[in-house]
Amino acid sequence: MSVSSSLSRTRVASWYERRSKRLRRRSPRGADASLAIGLVIIGAMMLAALFAGVLSPADPTRQDIPNALAPPGTDGHLLGTDALGRDILSRLLYAARTDLFVAVGAVLLPLVIGVAIGTIAGYRGGIVDRVVTGVVNVVFAFPVLVLLIALVFILGPGIPTIIVAVTLVSWVSYARLARDLVRRERSLDYVLAARVSGLPTWRILGRHILRNIIAQPVTFAMSDAVAIILFITALGFLGLGVPPPAPDWGTMIADAQPYFTTHWWLAVFPGLAICAAGLGLSLIADGLSQKWNAQ
Amino acid sequence: MTEPLLEVRDLAVTFGSGRGWGGDRGRIHAVRGIDFSVRPGEAFALVGESGSGKSTTAKCVAGLQKPTRGSISFAGSPLDPARNREQRRAIQMVFQDPYSSLNPRMTIGAALVEILRVHRLAGSRAAAVKRAAELLDLVGMPRSALDQRPRAFSGGQRQRLGVARALAVNPSLLVADEPVSALDVSIQASVLLLLKRLQRDLGLTMLFISHDLAVVRQLCDRVAVMADGRIVEEGAVGRVLSEPSADFTRTLLAAATDLPPLDLDLDLDQDHRSPKRRSTR
Ligand SMILES: Nc1ncnc2c1ncn2[C@@H]1O[C@H](COP(=O)(O)OP(=O)(O)OP(=O)(O)O)[C@@H](O)[C@H]1O
Ligand SMILES: [Mg+2]
């Protein structure tokens, strides 16, 4: 399982090309619809996560062995209970907190850091660009899981460890994307004109170039968030993820493994939550890039 | 004779490092050591066919390209590669492609106001907006353009907006790199006319790049002919065009179309029509 480490430069590029080709064919009205539906889904999930304390019928960590594996609809357990008798609905809501928080952090940090580094490298060129490109290539070649295990030893398991590890690895995708976009952009006449106008470099980068290239990294980030939620799921399986008893969707599915065939609700509900989050983020990504393409 | 405003001495630009295996073969000698000077208030033309090094020369003058060799002096003092704000302000440029020379995501007003504010040419935001509106008047564009983005305008209109941007900082030298060659012939004349009038009314000095001698005849006082990175002929426009001494100039002349002389009193606002390319939104 890997997040961005396996996303080679060509994959990022061709991914974006395919996406924008597909999007160009669609109607502009589709953009608003995708964006709206995506925002509603993610917005609802964020609200649910935020108000988990109020919305949860039970304490997500409270075990109740006699009532273990109760099916959905059982008194007081709308979505049933897991193998330890914990309320699945409550665990889902609290897990949304963990997973959305990690996804947002693990996407925003690399996005900001990567785009900043890539933009400077692409604009400056020369030795700065060569050094950044070298570092990016090394990180690309580095196995993310090895890094993560090392970090778990150093920092101890937990949410910060996951965010730091993902950031260390995946800023390079953004850096490379931004660097290539800026290299293309900086020779365009409007950038030359801004230089002739005597605008300071930071202004040219921030107000002129960044505005014209930011669409692709942001769109990519939305899809990356989906990958990161799946990545946390995988970490849960490996026991490297969010430490128990704090719930997250991935660990819930992992814990449900012995009951896949006999007690479907243990795995299906967290699975649906992951699907919904992925769908919502993809719709937002689609809508955004379509809107930006139209401009 | 008056002191030249712009003096270019032994300017040379070589692309490619020349390091590594190819040796000198990997290099492109875009400009091979040229000299020329432009007097205050005159329109000086640099003509030559594609690839002769005109744009590279223009970029050096505008401070966008570091010369490999040679010097550029402005108003008597040499310009070093890292120009200060005042030196940048004095030399402005109009670009060839009106479709890429304006930031697609900024309104015309925002772009002009930004430049005015950075150079502290307007005390307040309101003053900057007022000055931006005056600039639009100057180039014959409606003030409503302030709130619009470049995609709302035709090529000719965009080129006028490019001129307005260049004039925002009150330059003394305007470098125009083939400002009309991307435009329809019917629109070319009105943009040329605008440049000619601005030159007369504002006392601008102009370095005008072109591959079309007919356009040069309409607009310029003196001309230098470039071929393969060198200046092969230089002199008053009338003299060079009537009795060219270089073979190359004769070839260029044969390719030139005949254009009527510019009538400075013509109506300027003839290309305020709907944009040719309208983006779908
Ligand atoms: N950044 C660059 N890197 C490498 N070569 C370049 C670069 N810019 C220009 N050249 C080369 O330098 C030569 C001169 O180019 P330049 O743009 O100055 O010509 P030009 O006279 O303006 O031609 P045109 O009429 O096509 O605009 C060309 O051979 C061109 O390919
Ligand atoms: Mg050129």
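The values are calculated or read from the model by the stated rules, or taken from the named source; none is laboratory data. The structure presented is a predicted model; accordingly, all values stated were derived computationally and were not measured. Every residue, glycine as well, gets a Cβ built from its backbone with ideal geometry; the counts of neighbours run over all protein chains shown. These area figures cover heavy atoms from the full protein model, side chains too; ligands, DNA and RNA do not enter into them. Shrake-Rupley method; radii C 1.70, N 1.55, O 1.52, S 1.80 Å.
Worth pointing out:
- Selection count where residues are away from ligand 1 (no atom under 16 Å from the Cβ) and open to solvent by less than 10 Å² (accessible area, probe 1.4 Å), scope the stretch B:29-46: 2
- Taking every residue in the stretch B:137-150 that is more than 21 Å from B:Ser100 (Cβ to Cβ) and pairing it with any residue that is acidic (Asp, Glu), at least 6 positions away or on another chain, the pairs with Cβ-Cβ distances below 7 Å are B:Gly140/B:Asp269.
- Condition met for B:Asp212 (of a type in the set (D, E, K, R), within 16 Å of ligand 1 (Cβ to nearest atom) and within 14 Å of chain A (Cβ to nearest Cβ)): no
- Residue list for the stretch A:37-48, filter: under 23 Å from A:Val218 (Cα atoms) and surrounded by 14 or more Cβ atoms within 10 Å (Cβ to Cβ): A:Ile37, A:Gly38, A:Leu39, A:Ile41, A:Ile42, A:Met45, A:Met46
- Scan of the stretch B:72-89 for residues that are open to solvent by 50 Å² or more (accessible area, probe 1.4 Å), of a type in the set (Gly, Ala, Ser) and more than 12 Å from chain A (Cβ to nearest Cβ), ordered by number: B:Ala75, B:Gly76, B:Ser77
So that you can scan it fast, the table gives a plain yes or no per residue for (1) within 14 Å of chain A (Cβ to nearest Cβ); (2) open to solvent by 80 Å² or more (accessible area, probe 1.4 Å); (3) modelled with pLDDT of 65 or more; (4) part of a loop (DSSP other than H, G, I, E, B):
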site	(1), (2), (3), (4)
B:Glu234	no, no, yes, no
B:Gly238	no, no, yes, no
B:Arg250	no, yes, yes, no
B:Leu253	no, no, yes, no
B:Asp265	no, yes, no, yes
B:Arg273	no, yes, no, yes
B:Lys276	no, yes, no, yes
B:Thr280	yes, yes, no, yes
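- Odd one out for B:Gln92 among (1) within 16 Å of ligand 1 (Cβ to nearest atom); (2) open to solvent by less than 20 Å² (accessible area, probe 1.4 Å): (1)
- Test result for B:Gly109, out of contact with any Phe, Trp or Tyr (no Cβ under 7 Å at 6 or more places or on another chain), closer than 17 Å to B:Gly162 by Cα and more than 9 Å from every other protein chain (Cβ to nearest Cβ): yes
- Pair list, Cβ under 7 Å, 6 or more apart: the stretch B:47-71 residue within 14 Å of another protein chain (Cβ to nearest Cβ) and within 7 Å of ligand 1 (Cβ to nearest atom), other residue open to solvent by less than 70 Å² (accessible area, probe 1.4 Å) and among the hydrophobic types (A, V, I, L, M, F, W, C): B:Ser55/B:Ile209; B:Thr56/B:Val13; B:Thr56/B:Ala30; B:Thr56/B:Val31
- Residue count for the stretch B:135-153, restricted to those that are within 12 Å of B:Ala164 (Cβ to Cβ) and of a type in the set (Asp, Glu): 1
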